[in-house]
1. For the condition of a type in the set (Val, Ile, Thr) and within 12 Å of chain A (Cβ to nearest Cβ), what is the one hit in B:121, B:102?
2. For segment B:67-78, does any single residue satisfy the condition of being basic (Lys, Arg) and within 14 Å of chain A (Cβ to nearest Cβ)?
3. Only residues that are surrounded by 13 or more Cβ atoms within 10 Å (Cβ to Cβ), β-branched (Val, Ile, Thr) and more than 13 Å from residue A:40 (Cα to Cα): list them for segment A:82-121, please.
4. Inspect segment B:47-67 for any residue being assigned to a loop (DSSP other than H, G, I, E, B), at pLDDT 90 or above and not aliphatic (A, V, I, L, M) and give the result as yes or no.
5. Return the pairs, sorted by first residue and then second, in which the second residue is of a type in the set (D, E, K, R), the first residue lies in segment B:11-33 and is buried (at least 16 other Cβ atoms within 10 Å of the Cβ), the beta carbons are less than 7 Å apart, and the residues are 6+ apart or on different chains.
6. Taking the criterion of being in contact (Cβ under 8 Å) with a residue 60 or more places away in the chain, surrounded by 12 or more Cβ atoms within 10 Å (Cβ to Cβ) and away from chain A (no Cβ under 14 Å), would at least one residue in segment B:85-95 satisfy it?
7. Given the conditions (1) in contact with a Ser or Thr (Cβ under 7 Å, 6 or more places away or on another chain); (2) at pLDDT below 80; (3) within 11 Å of another protein chain (Cβ to nearest Cβ), which single one is not true for residue A:109?
Amino acid sequence: MLNRLTDTLDFHGQALSLRSERQRLIASNIANADTPGYVARDMNFSQALKEATGLQASAGMVATRPGHIATAGGARAEANLEYAVASQTNLDRNTVDMDRERANFADNAVRFEATLRFINSNVRTMIDAIKGQ
Amino acid sequence: MSLFQVFNVTGSAISAQSQRLNVVASNLANADTVAGPDGAAYKARQVTFQAELMGQMGDAASTGVKVSTITEDQTPGRRVHDPNHPSADADGYVTYSNVNPVEEMVNMISASRSYQNNIEVMNTAKSLLLKTIQMGQG
């Protein structure tokens, strides 16, 4: 019964930590906009969310034998990192496209806040249900 | 919470960009320096950036910046014929530094834009974190 109450909250929690992972990734790209040879990266968000919520098996490393080091569970971006393709060629082989990164950053920030609001309204609904008023 | 890593990443970028700005400032300040008696004038300097992994266990998702080297431009300085100049050599030539002011101005604008970008990233991360702190209250 209780996990039916908190299932949505769990889902949004995973989404929130994935959003913060992506925010960090884009911040790294923006920070390295002038680094020669840096290759911009981004993550496949829907894929990562499916894996984090258990809808799909992880494409990352799996511990199959007792001696293996277990990979960290939960919402992680590493397995889904992909390389961005440069929109314009650059002499120093840097593939950061500042316009794209800024747009992604703003987009991700808005979606992060949206997830926060989902969580907040979820909590409010739950508290209302508990109070019964 | 991986959002906290954003501060480390952009912080490293800001300090790298400010070092670049510093080098530009010293280049511009020495744009008209003449060679001393040893004949060696000021040489323009350039910073080189390098990506640096910052997360735990070399997590590729947070990559900061560091200044790896500062190189001196080895092109010969500008030579001007001015026999009356106190620093003129035996042939009457004065050697100035090899700083190109136009190049330095472009470098300065680029550095200050990147600096602003990183500050904005930091501000956004801060406001997101502040909203996360208030989660479940409103």
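The values are calculated or read from the model by the stated rules, or taken from the named source; none is laboratory data. None of the values given here were measured: they were computed from a predicted structure. A quick note on method: Cβ atoms are made from the backbone with ideal geometry, for glycine too, and the neighbour counts reach across all protein chains shown.
1. Selected residue: B:121, the only one of B:121, B:102 that is of a type in the set (Val, Ile, Thr) and within 12 Å of chain A (Cβ to nearest Cβ).
2. No; the residues of segment B:67-78 include none that is basic (Lys, Arg) and within 14 Å of chain A (Cβ to nearest Cβ).
3. If the condition is that a residue be surrounded by 13 or more Cβ atoms within 10 Å (Cβ to Cβ), β-branched (Val, Ile, Thr) and more than 13 Å from residue A:40 (Cα to Cα), then A:115, A:119 are the ones that fit.
4. No, every residue in segment B:47-67 fails to be assigned to a loop (DSSP other than H, G, I, E, B), at pLDDT 90 or above and not aliphatic (A, V, I, L, M).
5. So the pair list comes out as B:12/B:52; B:12/B:66; B:16/B:66; B:23/B:45; B:24/B:104; B:27/B:45; B:27/B:104; B:28/B:104.
6. So far as segment B:85-95 goes, yes, one or more of its residues are in contact (Cβ under 8 Å) with a residue 60 or more places away in the chain, surrounded by 12 or more Cβ atoms within 10 Å (Cβ to Cβ) and away from chain A (no Cβ under 14 Å).
7. Of the numbered conditions (1) in contact with a Ser or Thr (Cβ under 7 Å, 6 or more places away or on another chain); (2) at pLDDT below 80; (3) within 11 Å of another protein chain (Cβ to nearest Cβ), the odd one out for residue A:109 is (2).
Results for (1) assigned to a loop (DSSP other than H, G, I, E, B); (2) away from chain B (no Cβ under 14 Å); (3) modelled with pLDDT under 90, shown as yes or no for each residue.
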site: A:35; (1), (2), (3): yes, no, no
site: A:38; (1), (2), (3): yes, no, no
site: A:46; (1), (2), (3): no, yes, yes
site: A:49; (1), (2), (3): no, yes, yes
site: A:55; (1), (2), (3): yes, yes, yes
site: A:61; (1), (2), (3): yes, no, yes
site: A:67; (1), (2), (3): yes, yes, yes
site: A:70; (1), (2), (3): yes, no, yes
site: A:74; (1), (2), (3): yes, no, yes
